[in-house]
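Asker: One structure, as structure tokens, below. Some questions next.
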Amino acid sequence: MVNKLSEPPHTSKLVITGGSYAGYLVAWIIGHDHQFKAACSQRGVYDLATFFGEGNAWRLVPNYFGGYPWEPEVNATLVRESPITYVKNITTPYIIFHGENDRRTGFVQGEMLYRSLKVLGRPVEYVRHPGAIHEITRSGDNRQRIDQMLRTYEFFERYLNKK
């Protein structure tokens, strides 16, 4: 199957954001589509095989993908469905957030995607909130929640107003 990336309309003012599963989806989408001016993920999973070993929700791997990363058919699916596989296609300006104490998805997920995009020379920023857990945007430290909202707003404004 050949992935054909869409080209952005010249007047695009679209941005995309999401957290947890939606953070995963944001990474997946911008690895397959270029219509967004900027993107933001929080608390996402970007490599399903390593998620099995670092998140406390590891049972999602066998439950949703039918087995374990060491099984060839399952591994092929995990690779195919992991946003990190398509990192070379990500050109959308991107900000990634993760909590340092996130036991659900593990901050290594965000750092791996960030480092990969930096190596590729892509416009990317990464914020790891000290002490924050997976629930940062719902019940986390108010200062960190506000910081994350303001950084996201500023990031989107910066790229929406860029000519």
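Asker: Please name all residue pairs, on different chains or six or more residues apart, with Cβ atoms under 6 Å, provided the first residue is in segment 1-23 and is modelled with pLDDT of 60 or more and the second residue is in a strand (DSSP E or B).
Answerer: Val15/Ala38; Ile16/Ala39; Thr17/Cys40; Gly19/Gln42; Gly23/Ser41; Gly23/Gln42
Asker: If you scan segment 126-143, which residues turn out to be surrounded by 12 or more Cβ atoms within 10 Å (Cβ to Cβ), without any contact (Cβ under 8 Å) to a residue 40 or more places away in the chain and not β-branched (Val, Ile, Thr)? Don't jump to the end; show me each part of the working.
Answerer: Taking segment 126-143 first, the residues surrounded by 12 or more Cβ atoms within 10 Å (Cβ to Cβ) are 126-129, 132-137, 140-141.
Add one more test, that the residue is without any contact (Cβ under 8 Å) to a residue 40 or more places away in the chain, and what stays is 126-129, 132-133, 135, 141.
Matches in segment 126-143: Tyr126, Arg128, His129, Ala132, Glu135, Asp141.
Asker: Output the qualifying pairs, or none if there are none: Cβ atoms under 7 angstrom, residues six or more apart or on different chains, first residue in segment 70-87 and more than 12 Å from Asp47 (Cβ to Cβ) and in contact (Cβ under 8 Å) with a residue 60 or more places away in the chain, second residue among the aliphatic types (A, V, I, L, M) and buried (at least 19 other Cβ atoms within 10 Å of the Cβ).
Answerer: From segment 70-87, no pairs qualify.
Asker: Consider only pairs whose beta carbons are under 8 Å apart and that are at least six residues apart or on different chains; among these, list those whose first residue lies in segment 46-65 and is modelled with pLDDT under 90 and exposed (fewer than 14 other Cβ atoms within 10 Å of the Cβ) and whose second residue is among the basic types (Lys, Arg) and not in a helix (DSSP H, G or I).
Answerer: Filtered contacts from segment 46-65: Asn56/Arg103; Asn56/Arg104.
Asker: Related question: If I ask for residues that are surrounded by fewer than 24 Cβ atoms within 10 Å (Cβ to Cβ) and of a type in the set (A, V, I, L, M), which ones from segment 94-115 would you list?
Answerer: Selection gives Val108, Met112.
The values are calculated or read from the model by the stated rules, or taken from the named source; none is laboratory data. A quick note: this is a predicted structure, and the numbers were derived from the prediction, not measured. In this analysis, Cβ positions are derived from the backbone assuming ideal geometry, glycine residues included, and neighbour counts consider all displayed protein chains.
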